[in-house]
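Here's the structure, in structure tokens; my notes come after.
The values are calculated or read from the model by the stated rules, or taken from the named source; none is laboratory data. Here the structure is a predicted model, which means the values were calculated and not measured. Every residue, glycine as well, gets a Cβ built from its backbone with ideal geometry; the counts of neighbours run over all protein chains shown.
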Amino acid sequence: MALFRRKKKDSPAAGEKSNSQLQTLKDAFALTRKEKPLAIIYMALIFIAVVILGIVLGTVFGHPIYFGIISTPLAFLAAFFFFTRQANSAAFASIEGQIGAGASVLMAIRRGFTTTPAVNVSRNQDMVHRCVGRAGIVLVGEGGQGVNLLLQDEKKKMERFLAGVPVTEVVVGNYSGQVSLKKLQRHLKKLPKKLSNNQVREVRNRLKAVGGLNMPIPKGPMPKGVRMPKR
């Protein structure tokens, strides 16, 4: 009876989680159908092709029904894998060109980086986002030509405020020397690790203490106990 009651008590939470996952899947399907309508047709073709391949192999080995049953879940996995790739691509396509799209991608990084969006913004809606991780401080700019000035301004603040912490500049875009929105997360994760976990924690605490946009420049050395790498 106790086990039955425990399951009954936990069932609402499990139901909410299941409904949330189902809703996420529905949203992804709707977005994919909107941005890439042919992807749904390709999914069906992949499913059918894998099933037919299984039946053909089964016919060769004398067990068409058995191979057909086995190929059905494999066909579903192949179609679902294709769907996840297309849904991810559709998600990037839906936000590309919008203001703050880079911040949305950066804040979706679950581990390794902490992102503070729009630490520096211009009147033309150019903006700079700040990421802190093992690679140091990564300043990500998105916007027009004026974003380079914002990056330089923010880099000077970081170098004065956190002397010795490596600062990397990244510009989101599709031109030479820029990083596209689709490759932004991957680019940050591939940056060489230059700080230890303790150093990252120290940098985050200092930045958190002073906030984001109009950052004051405190006087005095870095707190003792953590050695920051030389520039």
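Here are some residues: 90, 75. Which one is more than 17 Å from the chain's Cα centre (by Cα), buried (at least 16 other Cβ atoms within 10 Å of the Cβ), under 30 Å from residue 45 (Cβ atoms) and assigned by TED's automatic domain parsing to the domain that holds residue 49?
Numbers: 90 fails: more than 17 Å from the chain's Cα centre (by Cα).
Answer to the selection: 75.
Of all residues in the stretch 89-117, which are more than 30 Å from residue 198 (Cβ to Cβ) and β-branched (Val, Ile, Thr)?
Residues satisfying the conditions are 95, 99.
Could you go through the stretch 36-44 and let me know if any residue there is surrounded by 13 or more Cβ atoms within 10 Å (Cβ to Cβ), aliphatic (A, V, I, L, M) and more than 22 Å from residue 181 (Cα to Cα).
Of the stretch 36-44, the ones surrounded by 13 or more Cβ atoms within 10 Å (Cβ to Cβ) are 36, 39-40, 42-43.
Remaining after also requiring aliphatic (A, V, I, L, M): 39-40, 43.
Applying the additional criterion that residues be more than 22 Å from residue 181 (Cα to Cα) yields 40, 43.
The answer is yes, given that some residue of the stretch 36-44 is surrounded by 13 or more Cβ atoms within 10 Å (Cβ to Cβ), aliphatic (A, V, I, L, M) and more than 22 Å from residue 181 (Cα to Cα).
Taking only pairs six or more apart or across chains, which ones have beta-carbon atoms under 6 Å, a first residue in the stretch 163-185 that is acidic (Asp, Glu), and a second residue that is crowded, with 18+ Cβ neighbours inside 10 Å?
169/139; 169/151
Which residues, counting only those in the stretch 154-174, are closer than 19 Å to residue 125 by Cα and exposed (fewer than 14 other Cβ atoms within 10 Å of the Cβ)?
Going through the stretch 154-174, the residues closer than 19 Å to residue 125 by Cα turn out to be 154-155, 169-174.
The one that is closer than 19 Å to residue 125 by Cα and exposed (fewer than 14 other Cβ atoms within 10 Å of the Cβ): 174.
Would you mind stating whether residue 31 is assigned to a helix (DSSP H, G or I) and either exposed (fewer than 14 other Cβ atoms within 10 Å of the Cβ) or in contact (Cβ under 8 Å) with a residue 40 or more places away in the chain (or both)? Steps first, answer last, please.
Working: assigned to a helix (DSSP H, G or I): yes; either exposed (fewer than 14 other Cβ atoms within 10 Å of the Cβ) or in contact (Cβ under 8 Å) with a residue 40 or more places away in the chain (or both): yes.
For residue 31, the condition - assigned to a helix (DSSP H, G or I) and either exposed (fewer than 14 other Cβ atoms within 10 Å of the Cβ) or in contact (Cβ under 8 Å) with a residue 40 or more places away in the chain (or both) - is met.
Of all residues in the stretch 163-198, which are among the aliphatic types (A, V, I, L, M), under 14 Å from residue 131 (Cα atoms) and in a loop (DSSP other than H, G, I, E, B)?
Residues satisfying the conditions are 165, 191, 195.
What tally of residues in the stretch 50-102 results from selecting those that are among the charged types (D, E, K, R) and in contact with a strand residue (DSSP E or B) (Cβ under 7 Å, 6 or more places away or on another chain)? Give the steps one after another, and end with the answer.
From the stretch 50-102, those among the charged types (D, E, K, R) are 85, 96; that's our starting set.
Subsequent filtering for residues that are in contact with a strand residue (DSSP E or B) (Cβ under 7 Å, 6 or more places away or on another chain) retains none.
Summing the residues that are among the charged types (D, E, K, R) and in contact with a strand residue (DSSP E or B) (Cβ under 7 Å, 6 or more places away or on another chain) in the stretch 50-102 gives 0.
Just a yes or no: is a residue in the stretch 10-20 at pLDDT 80 or above and of a type in the set (Asp, Glu)? Even if it seems obvious, please write down each step before you answer.
Residues of the stretch 10-20 that are at pLDDT 80 or above, as a first pass: none.
The answer is no, given that none of the residues of the stretch 10-20 is at pLDDT 80 or above and of a type in the set (Asp, Glu).
More than 25 Å from residue 37 (Cβ to Cβ), among the aliphatic types (A, V, I, L, M) and surrounded by fewer than 21 Cβ atoms within 10 Å (Cβ to Cβ), is that true of residue 95?
On the way: more than 25 Å from residue 37 (Cβ to Cβ): no; among the aliphatic types (A, V, I, L, M): yes; surrounded by fewer than 21 Cβ atoms within 10 Å (Cβ to Cβ): yes.
Taking the combined requirement at face value, the residue does not satisfy it.
Residues are listed down the side, and each one gets a yes or a no for (1) touching a Gly at 6+ places or on another chain (Cβ under 8 Å); (2) part of a helix (DSSP H, G or I):
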{"site": "82", "(1), (2)": "no, yes"}
{"site": "98", "(1), (2)": "no, no"}
{"site": "106", "(1), (2)": "no, yes"}
{"site": "109", "(1), (2)": "no, no"}
{"site": "117", "(1), (2)": "yes, no"}
{"site": "125", "(1), (2)": "yes, no"}
{"site": "138", "(1), (2)": "no, no"}
{"site": "145", "(1), (2)": "no, no"}
{"site": "156", "(1), (2)": "no, yes"}
